[in-house]
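So the structure is just underneath, and the comments pick up after that.
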Amino acid sequence: MEKLFVGQSFDEVKMGTLVIEKFINGQCNSTTNIPFFVVRTAKKLMPTSMLSALADKGIDLSAIIQANKNHMHYSSTLRVKEHGIEKVIVVSLQ
């Protein structure tokens, strides 16, 4: 949970959103916005083996959470083949 400092408002605390975009042939096919509290909750509930598998694929929830905490940028690009179609998945913190 983000801590508020004396004189700081809720608007000043960056909660962030995890954005997942799927591109086919360079065109954005779909966008999913995930509120940051869901990312934190998912990390707490997922088994370590699943977190490691995601990190191996380029989705490191610990790094995403740390980037959000430090107000830093995070982005990862994955290339996947789904139903025989090449797709690019971009995961970013906004």
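The values are calculated or read from the model by the stated rules, or taken from the named source; none is laboratory data. Keep in mind the model is a prediction, meaning the values are calculated, not measured. So basically every Cβ, Gly included, is an ideal-geometry build from the backbone, and we count neighbours across all protein chains shown. The accessibility values were calculated without ligands, DNA or RNA, using every heavy atom of the protein model including side chains. Shrake-Rupley method; radii C 1.70, N 1.55, O 1.52, S 1.80 Å.
Things worth noting here:
- Subset of the range 1-16 (residues that are of a type outside the set (A, V, I, L, M), modelled with pLDDT under 50 and open to solvent by 70 Å² or more (accessible area, probe 1.4 Å)): Phe5, Gly7, Phe10, Asp11, Glu12
Rundown of residues vs (1) in contact with a His (Cβ under 8 Å, 6 or more places away or on another chain); (2) touching a residue at least 40 places away in the same chain (Cβ under 8 Å); (3) more than 28 Å from Ile24 (Cα to Cα), yes/no style:
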site	(1), (2), (3)
Pro47	no, no, yes
Lys57	no, no, no
Tyr74	no, no, no
Leu78	no, no, no
Glu82	no, no, no
Ile85	no, yes, no
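- Among residues of the range 20-45 that are closer than 22 Å to Lys87 by Cβ, those with a beta-carbon under 6 Å from a residue that is assigned to a strand (DSSP E or B) and hydroxyl-bearing (Ser, Thr, Tyr) at least six positions away or on a different chain give the pairs Ile20/Thr32; Glu21/Thr31; Lys22/Ser30; Asn33/Thr17.
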